[in-house]
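In what follows, a single structure is set out as structure tokens and then discussed.
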Amino acid sequence: MAEASFDIEAGVDRQEVDNAINQARKEVATRYDFRDTETIVEWAGDEGIKIESSSQDRARAALEVFREKCVKRSVSLKALDVADPRDVGGARSRIDITLRTGLPQDIAKDIVKQIKATKLKVTPTNMGDKVRVAGKSRDDLQEIIAMIKTQDYAAPITFSNYK
């Protein structure tokens, strides 16, 4: 019987983040408390988002709107690395957000250690930004997935390439 495997990674669906940005942009454009603040919610490069407004309070409020939209779109807030608001000139304030991608090494090592502690007949392999788990029994792999889902990590854990 061939070995089955899957990958444990950290990341989010970029399309869902884009949808959350668009929804936040629409809500900010129509809400009364954002009138005349020229608030912007948009992509800033490949892995960044910028929120800019006329004051730090309005920028923080726009950030909360964006977070609400992320939750509704099932985007983990653990994937968002939010910087403190900063002044950018012209009496405007900006909040930069970066998306965390890739599994941090300390979390990957912890996952491998936990999998080995289960004594199931699976082989975890740390592959840099992901952990591959292989085994002959699909039931064992399902147990590993269930065990990982119960843990609370500082990164948005996803499972992919289940074969």
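Among the strands (runs of 3 or more DSSP E) confined to region 109-163, the ones with at least 3 residues that are in contact (Cβ under 8 Å) with a residue 24 or more places away in the chain are located at 131-135, 157-160. If you check Ile107 against the conditions, is it closer than 28 Å to Asp18 by Cα and modelled with pLDDT of 90 or more? Answer is yes for this residue. Do you know which of the residues in region 1-56 that are among the aromatic types (Phe, Trp, Tyr) and assigned to a helix (DSSP H, G or I) is nearest to Asp96 (Cα to Cα)? My answer is Phe34. Restricting attention to region 115-132, the residues that are more than 14 Å from Ile157 (Cα to Cα) and under 22 Å from the mean Cα position of the chain (by Cα) total 3.
When you go through Arg58, Arg86, Arg92 one by one, which is the residue that is modelled with pLDDT of 90 or more, loosely packed, with under 14 Cβ neighbours inside 10 Å and farther than 30 Å from Ile157 by Cα?
Working: Arg58 fails: loosely packed, with under 14 Cβ neighbours inside 10 Å; Arg92 fails: loosely packed, with under 14 Cβ neighbours inside 10 Å.
The unique qualifying residue is Arg86.
Hey, any hits in region 69-81 for a residue that's of a type in the set (Asp, Glu), over 30 Å from Met127 (Cα atoms) and out of contact with any Phe, Trp or Tyr (no Cβ under 8 Å at 6 or more places or on another chain)? Checked region 69-81: no residue is of a type in the set (Asp, Glu), over 30 Å from Met127 (Cα atoms) and out of contact with any Phe, Trp or Tyr (no Cβ under 8 Å at 6 or more places or on another chain).
The values are calculated or read from the model by the stated rules, or taken from the named source; none is laboratory data. Every value quoted in this text rests on a predicted model; they were computed, and no experiment measured them. Cβ coordinates were reconstructed from backbone atoms using ideal geometry, including for glycine residues, and neighbour counts include every protein chain displayed.
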